[in-house]
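For reference, the structure discussed in these notes is given below.
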Amino acid sequence: MKALLALLLATALPAQADEIVLASPDYWCPFSCKAGAAQEGFTVDIVREIFTAAGHRVRLVNQNYSRALLDVRAGVYTATPSTLRDEAPDFVFPDQPISRNRYCIYTRPDSAWRYRGPASLDDLARVGVIRDYSYGQALDAAIKSAPQRFEVHTGDGLTERMLRRLQLGRIDAFIEEENLVAYTLKQQPGLEARNAGCEAPSYAYLALSPRHPQAHSHARTFSDGMAKLRRSGRLKAILASYGLPEWPAP
């Protein structure tokens, strides 16, 4: 029996080693979307393009983010496709990020107001925000200091909901991550918004399990592959398929 078990493990391990399994929620479109969908998310597409060229299969598994981090940390899955370094400091990260994230303030297209830092929000009567989001220390402090100025949203489809309330004049502006807004506007061409300014960007990474034996090798493969995607124009094309612009290299 032991010999049979050893044989089964020996034959199974090479197949597992050839597969990169990503764990991520399906509600983070366009970063990660529903597994098996026509578009699984631009971070998944980037990872698949890089690692398919290196001889690996790539598969997405949908999990809520907390569970995804736990299972990747335990070595159940290979990586999360888009994670900030301080969210999982014990993971293995490539040198090259997979996405740039920025919180921006959006107004109606006919507005001339410009965002000049959290204090400038005092010029607005009603600003849409999402419950339990952290927008960074400065914006979080502004929201906490004047809660009556902010309309708090909960539930599903929040980016689209705030866009519609903006269009109807129910709010003067809202705060949201720029990739989510760009993707929603692509999916809903009847909606419009103007980017009135942004906070400083942060960068997210393919976050590899510290228990994976090839984590450091995979990190190098990703960084080399990402540089090639940018040089060849493939990164721009992948992002454009989600209605997103290519961000400058950090």
Note on the range 21-49: residues touching a helix residue (DSSP H, G or I) at 6+ places or on another chain (Cβ under 7 Å) and either farther than 14 Å from residue 82 by Cβ or among the polar types (S, T, N, Q) (or both) are 24, 32, 49
Starting from the range 225-250, take each residue that is in a helix (DSSP H, G or I) and list its partners that are open to solvent by 20 Å² or more (accessible area, probe 1.4 Å), counting only C-beta distances under 6 angstrom and pairs at least six apart or across chains.
-> 226/96; 235/246; 236/246; 238/45; 239/246
Looking only at the range 15-55, count how many residues are of a type outside the set (D, E, K, R) and open to solvent by less than 30 Å² (accessible area, probe 1.4 Å).
-> 18
Residue 135 assigned to a loop (DSSP other than H, G, I, E, B), under 22 Å from residue 247 (Cα atoms), hydroxyl-bearing (Ser, Thr, Tyr) and modelled with pLDDT under 95 = yes
Go through the range 97-128 residue by residue and tally those that are closer than 30 Å to residue 79 by Cα and small (Gly, Ala, Ser).
-> 1
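Determine whether residue 139 is open to solvent by less than 10 Å² (accessible area, probe 1.4 Å) and over 22 Å from the mean Cα position of the chain (by Cα).
On the way: open to solvent by less than 10 Å² (accessible area, probe 1.4 Å): yes; over 22 Å from the mean Cα position of the chain (by Cα): no.
Answer is no for this residue.
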Out of all the residues in the range 224-244, which are surrounded by fewer than 18 Cβ atoms within 10 Å (Cβ to Cβ) and not charged (D, E, K, R)?
-> 227, 232, 233, 237, 240, 241, 243
When the range 138-163 is checked residue by residue, the ones that are assigned to a loop (DSSP other than H, G, I, E, B) and under 27 Å from residue 186 (Cβ atoms) are 154, 155, 156, 157
Count - residues of the range 204-220 that are within 15 Å of residue 98 (Cβ to Cβ) and either surrounded by 19 or more Cβ atoms within 10 Å (Cβ to Cβ) or at pLDDT below 95 (or both) = 7
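What number of residues within the range 78-112 are under 23 Å from residue 229 (Cβ atoms) and either of a type in the set (A, V, I, L, M, F, W, C) or open to solvent by 10 Å² or more (accessible area, probe 1.4 Å) (or both)?
Total meeting the criteria: 13.
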Search result, residues across the range 167-187 that are open to solvent by less than 40 Å² (accessible area, probe 1.4 Å) and either farther than 20 Å from residue 199 by Cβ or part of a strand (DSSP E or B) (or both) | 173, 174, 175, 176, 177
Inside the range 37-128, counting only strands (runs of 3 or more DSSP E) that do not spill past its ends, which hold 3 or more residues that are in contact (Cβ under 8 Å) with a residue 12 or more places away in the chain and not charged (D, E, K, R)?
-> 57-62, 79-83, 103-107
Quickly run through the range 56-73 and pick out the residues that are of a type in the set (Gly, Ala, Ser) and open to solvent by 60 Å² or more (accessible area, probe 1.4 Å).
-> 66
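Can you find even one residue in the range 148-157 that is acidic (Asp, Glu) and either modelled with pLDDT under 95 or open to solvent by less than 40 Å² (accessible area, probe 1.4 Å) (or both)? Spell out how you get there, then give the answer.
Residues of the range 148-157 acidic (Asp, Glu): 151, 156.
Of the ones still in play, those that are also either modelled with pLDDT under 95 or open to solvent by less than 40 Å² (accessible area, probe 1.4 Å) (or both) are 151, 156.
Checked against the condition, which is being acidic (Asp, Glu) and either modelled with pLDDT under 95 or open to solvent by less than 40 Å² (accessible area, probe 1.4 Å) (or both), the range 148-157 yields at least one hit.
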So residue 126 fits all but one of (1) open to solvent by less than 40 Å² (accessible area, probe 1.4 Å); (2) over 18 Å from the mean Cα position of the chain (by Cα); what number is the exception?
-> (1)
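The values are calculated or read from the model by the stated rules, or taken from the named source; none is laboratory data. Just so it is clear, the structure is predicted and the values come from calculations on it, not from any experiment. As a convention, Cβ positions derive from the backbone with ideal geometry for all residues, glycine included, and neighbour counts pool all protein chains shown. Just so you know, the surface numbers come from the protein's heavy atoms only, side chains and all, with ligands and any DNA or RNA stripped out. Shrake-Rupley method; radii C 1.70, N 1.55, O 1.52, S 1.80 Å.
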